[in-house]
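A quick write-up on the structure given underneath.
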Amino acid sequence: MYRGKVKPGQEEAFATAWRGITRWMRTHVSGARGSLLVRSAEESLVFVGIARWASRAAWEASQARSPQDPELLAHVQAMRATAERSRPPAFHEEVSDLTLGGEGEEDRT
């Protein structure tokens, strides 16, 4: 899970960079399963991203990797340029996903 505040006027650029990173990761990184990006209704500059991973090991491997690919690096740099501040990413285990695009209603315990 990622949480951060973007610079005023940079909301769309941040969201575009997030989508680019997610699409790249899904295509090139084993275990990447996509993401959900939401914006706070109370603080319009605060975004929370939930990236889905096949396992904690896959997520940890992705965190240890430096973005070498030019396409990925461009998205990462764009996202960093739009962010005012962010919290370190944290891993949370998925218990169940009941969204329409989710995996179904079964629990993941």
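I want to check the label-to-label distance for Phe91 and Gln77. Put each point 7 Å from Cα in the C-beta direction and report it in nm to one decimal.
Using points 7 Å along Cα→Cβ, the separation is 3.0 nm.
Find how many whole Å separate the alpha carbon centroid of region 17-50 from the alpha carbon centroid of region 52-91.
10 Å
With a cut-off of 18 Å, note down the residues of region 39-69 whose backbone N falls inside the zone around a label point 7 Å from the Cα of Arg19 toward its beta carbon.
Correct set: 39-40, 47-52.
Which whole-Hz ³J(HN,Hα) couplings does region 72-87 yield from phi under the Karplus relation 6.51 cos²θ - 1.76 cosθ + 1.60, θ = phi - 60°, glycine and proline marked x?
Whole-Hz 3J(HN,Hα) from phi for region 72-87: 5, 4, 4, 5, 4, 5, 5, 5, 5, 5, 8, 7, 8, 7, 8, 8.
None of the figures in this text is laboratory data; all of them are computed from the coordinates on show. Since this is a predicted model, take the numbers as computed values, not measurements. Don't worry about glycine lacking a Cβ; one is built from the backbone with ideal geometry, like all the others, and counts go over all protein chains shown.
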